[in-house]
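Worksheet: one structure, shown below.
The values are calculated or read from the model by the stated rules, or taken from the named source; none is laboratory data. The shown structure was predicted, so the numbers you read here are calculated from the model rather than taken from an experiment. Please note: Cβ atoms are built from the backbone with ideal geometry, for glycine as well, and neighbour counts cover all protein chains shown. SASA here: full protein model, heavy atoms, side chains in, ligands and nucleic acids out. Shrake-Rupley method; radii C 1.70, N 1.55, O 1.52, S 1.80 Å.
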Amino acid sequence: MLDPAYVTAFVASLQHVFSTMMQLPVQIGDPKIKSNPAPSYDVSGIIGMSGDITGNVVISFPIATAERIVSLFTGADVKSDNPDFSDAIGELANMISGNAKGMFAGTRRVTISCPSVVIGGGHIITRPKDIPCIEIPATTDCGNLVLEIAIAHCNSDVSAATQAAVSTAQA
């Protein structure tokens, strides 16, 4: 069963990483179940999770927002065609997921993957068919972004648990 605290952990982690690393406050919008497999924007940092919890987490940005955030993060003007750009997006995804994983209560055995980064419109993120994705929109002074969380306990009843997670995150 998916613990709604996992969604809360990712939201808290996103806010913590952005405020600590870039002094950039993040306002969180209303979460909802995502039905479209396409990410919300053109730049996606992707982290896979395995072990007691499986699935993936995606942080998705418009290119202009991602460039502004990466520039704040690195302290240099880094455009999307620079090889350091994808490294920075991957590192942000890694920090958010790693920090959230550390907030998971109990003795869950969870491993996160090395980050993958996809840049360009029209890409698709493949998720396990039996794990719904929770989409959490966010706004910063640099622009909008979306955190997409598609994780579940192994052998769990995902449907009811995901609905509970969305309800808890909206409260």
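So is SER80 closer than 15 Å to ALA138 by Cα, free of Cβ contacts under 8 Å to residues at least 40 places away in the same chain and more than 15 Å from the chain's Cα centre (by Cα) or not? Spell out the reasoning first.
Details: closer than 15 Å to ALA138 by Cα: no; free of Cβ contacts under 8 Å to residues at least 40 places away in the same chain: yes; more than 15 Å from the chain's Cα centre (by Cα): yes.
Judged against the criteria, SER80 is not a match.
Take the residues of the stretch 3-18 that are open to solvent by 10 Å² or more (accessible area, probe 1.4 Å) and among the hydrophobic types (A, V, I, L, M, F, W, C): which is nearest to ALA66 (Cα to Cα)? Write out each step before concluding.
Going through the stretch 3-18, the residues open to solvent by 10 Å² or more (accessible area, probe 1.4 Å) turn out to be 3-5, 8, 11-12, 15-16.
Filter once more, keeping what is among the hydrophobic types (A, V, I, L, M, F, W, C): 5, 11-12.
Details: ALA5: 27, VAL11: 18, ALA12: 20 Å.
Per the criteria, the residue is VAL11.
Taking the stretch 127-160 only, how many residues are on the phi > 0 side of the Ramachandran plot and modelled with pLDDT of 95 or more? Write out each step before concluding.
Start the filter on the stretch 127-160 by keeping residues that are on the phi > 0 side of the Ramachandran plot, which leaves 143, 155.
Subset that is modelled with pLDDT of 95 or more: 143.
So the count comes out to 1.
Looking at SER97, SER113 in this structure, which one is among the polar types (S, T, N, Q), farther than 20 Å from PRO62 by Cβ and open to solvent by less than 10 Å² (accessible area, probe 1.4 Å)? Walk me through it before giving the result.
On the way: SER113 fails: open to solvent by less than 10 Å² (accessible area, probe 1.4 Å).
The match here is SER97.
Of everything in the stretch 105-126 that's in a loop (DSSP other than H, G, I, E, B), under 25 Å from VAL17 (Cα atoms) and within 15 Å of the chain's Cα centre (by Cα), which residue is modelled with the lowest pLDDT? Quick ask: steps written out before the conclusion?
Pass one, the stretch 105-126, residues in a loop (DSSP other than H, G, I, E, B): 105-109, 113-115, 120-126.
Imposing the further condition that a residue be under 25 Å from VAL17 (Cα atoms) reduces the set to 105-109, 113-115, 120, 125.
Keeping just the survivors that are within 15 Å of the chain's Cα centre (by Cα) gives 113-115, 125.
Values: SER113: 95, CYS114: 96, PRO115: 96, ILE125: 86.
Taking the candidates together, the pick is ILE125.
From the residues in the stretch 19-41 that are assigned to a loop (DSSP other than H, G, I, E, B) and open to solvent by 60 Å² or more (accessible area, probe 1.4 Å), which one is farthest from PRO137 (Cα to Cα)? I'd like the intermediate steps shown before the answer.
Our first condition is that a residue be assigned to a loop (DSSP other than H, G, I, E, B); within the stretch 19-41, this holds for 23-26, 29-31, 35-41.
Narrowing the set further to residues that are open to solvent by 60 Å² or more (accessible area, probe 1.4 Å) leaves 23, 25, 30, 35-37, 41.
On the way: GLN23: 19, PRO25: 14, ASP30: 7, SER35: 14, ASN36: 15, PRO37: 16, TYR41: 11 Å.
Looking at residues that are assigned to a loop (DSSP other than H, G, I, E, B) and open to solvent by 60 Å² or more (accessible area, probe 1.4 Å), I get GLN23.
Could you figure out which of (1) surrounded by 14 or more Cβ atoms within 10 Å (Cβ to Cβ); (2) of a type in the set (Gly, Ala, Ser); (3) at pLDDT 65 or above; (4) in contact with a Phe, Trp or Tyr (Cβ under 9 Å, 6 or more places away or on another chain) isn't true of ALA165?
Status for ALA165: all satisfied but (3).
In the stretch 65-85, is there at least one residue being of a type in the set (Lys, Arg), at pLDDT 95 or above and in contact with a strand residue (DSSP E or B) (Cβ under 9 Å, 6 or more places away or on another chain)? Give the steps one after another, and end with the answer.
Taking the stretch 65-85 first, the residues of a type in the set (Lys, Arg) are 68, 79.
Filter once more, so that each one left must be at pLDDT 95 or above: 68, 79.
The next check asks that each one be in contact with a strand residue (DSSP E or B) (Cβ under 9 Å, 6 or more places away or on another chain); those that pass are 68.
Checking the stretch 65-85: at least one residue is of a type in the set (Lys, Arg), at pLDDT 95 or above and in contact with a strand residue (DSSP E or B) (Cβ under 9 Å, 6 or more places away or on another chain).
Out of the residues in the stretch 52-77 that are touching a residue at least 40 places away in the same chain (Cβ under 8 Å) and open to solvent by 20 Å² or more (accessible area, probe 1.4 Å), state the one that is nearest to VAL110 (Cα to Cα).
ASP52
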